[in-house]
1. How far apart, in nanometres, would the label points at A:Arg97 and A:Thr141 be if each is projected 7 angstrom from Cα along the Cα-to-Cβ direction?
2. Rounded to the nearest 20 Debye, what is the dipole magnitude of the range B:2-85 about its Cα centre when Lys and Arg each give +1 and Asp and Glu each give -1 at the C-beta?
3. If amide H atoms are built 1.01 Å from N in the plane of the peptide, which residues on other chains or at least 5 residues away come under 5 Å of the amide H of B:Glu56?
4. Run through the range B:1-44 and list the GluC sites (Glu not before Pro) located in a DSSP loop whose Cβ has at most 16 other Cβ atoms within 10 Å.
5. Suppose every K and R has +1 on its Cβ and every D and E has -1 on its Cβ; what is the size of the dipole of the range A:1-122 about the Cα centre, in Debye to the nearest 20?
6. Using a probe of 1.4 angstrom, how much of the accessible area of the range B:2-85 is carbon and sulfur, in percent?
7. Per-residue Cβ counts within 10 Å, from other chains only, averaged over A:30-43: what number is that?
8. Where only protein heavy atoms count, and the probe is 1.4 Å, what is the accessible area per residue for chain A in Å²?
Amino acid sequence: MASMRDIKRRKTSISSTQQITKAMKLVSTVKLQKAKNKAEETTPYFRYMYQTVCSMLAKAGNIDHLYLRESASDQKGIIVITSNRGLAGGYNSNIIRLITGSDIPLESAKIYTVGRKGQEALARKGYHMESDYSDVMEAPTYEDAQAISKEVLSAYAKGEIGEIYLAYTHFKNTVSHEPTLLRLLPVQVKEEDLAANDADLLMNFEPNEEEALDMIIPKYITSLIYGALVEAVASENGARMQAMDSATSNAEDMINDLSLKYNRARQGSITQELTEIIAGAEAIS
Amino acid sequence: MADNLFQVEIITPDRIFYRGQASMIEFTTTEGEIGVFKDHIPLTTVLAPGIVTITEADGAKKAVVHAGFAEILGEKVTLLAEVAEWPEEIDLERARKAEDRARERLNRKDADLDVARAELALKRALARQDILA
């Protein structure tokens, strides 16, 4: 049996860890609230953007456009959104696993990272790292999303990459977050969303369809990236809150367990001392 | 009067900037200025930096939008703007400085100058000042 002093030392160390995890949980709860509100405010813009793009594509018919057709290059650009800090449970490793487990081979992937954790992990696995935007993760703005989309779109226009993917954690609700891999370009919309549009309603474009698509698709991509950044922040804090919550309750369990052991050890030593005194007294008399 | 109103929404990435009923909306597109009444033909058009005037039943409201596009359907007009500001949110001093910077860049005529970008910046600065003038 461990000595009383060892048990006591262990207990103190666990309870100070517990204080840290408890504080981290509170901090990420507050951050989650903020990030969640922000994510909710972004949703209408994104939804309209998606609807408009769907209706444009439905009405534009089989227009041949750079952003719509399959590209010759087999290189694939992937924007990977993770966090800068760890201690968020499986949050970062889920995204990494999503990429390594996808059918995109290592040689043909060019990675654009947002978030240091993803950057480190993918670089270690030998992926080709194109550029890193980790600094924006603290407080992503629309301008940051514009910078990212500008870079990937110009690589796409030059033919350096043939497809653009976005890997991020979709924020479903406070407890449920889903790692998602989404193809940005060539533009891909759900069939049923296309069919939902009334193709008979004649939409006019000004300037012409092609120029309008030229302007609107980059904005669509930017809005997707921005939405993903904002949702990722919310998911990160949600994941950290859960991880820290279970860490705190685990620490609680361990402390209870150790208290019991400590009390037993103390009682044991008292009993032993008593037995020794009694035995000694009997020996004398 | 009530039957010539239509739904107007101006949405930016950060918020729903405006939502209401209007009898007319005027704004600037890349092709020129446009005024929209109820039952306009369906039109999708690209916005240029400029002033949006929303004529409501009881007066007009003005705002500045920069970049984005508008979807006009008979009963409803949706403006998806990357940035939109009410006049009281604009920092006039900053807009003046931005104007000077943009003009300076355009005058310098560097080889690597992004003319389209500098012109856009100039247009934005001018639109911000116009609405306060």
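The values are calculated or read from the model by the stated rules, or taken from the named source; none is laboratory data. These numbers come from a predicted model, not from an experiment. Neighbour counts run over all protein chains shown; Cβ positions are idealised from the backbone, glycine included. For the accessible areas, the whole protein counts, side chains as well, though only heavy atoms, and no ligand, DNA or RNA atoms are used. Shrake-Rupley method; radii C 1.70, N 1.55, O 1.52, S 1.80 Å.
1. 3.7 nm
2. 120 debye
3. Excluding prolines and chain starts, which carry no amide H, the hits are B:Ser23, B:Lys61.
4. Taking the range B:1-44 and a limit of 16 other Cβ atoms within 10 Å, the loop GluC sites (Glu not before Pro) found are B:Glu31.
5. Dipole about the Cα centre, nearest 20: 1200 debye.
6. Roughly 50 percent, rounded to a whole number.
7. Partner-chain Cβ atoms within 10 Å, mean over residues of A:30-43: 1.
8. Each residue of chain A exposes 52 Å² on average to a 1.4 Å probe.
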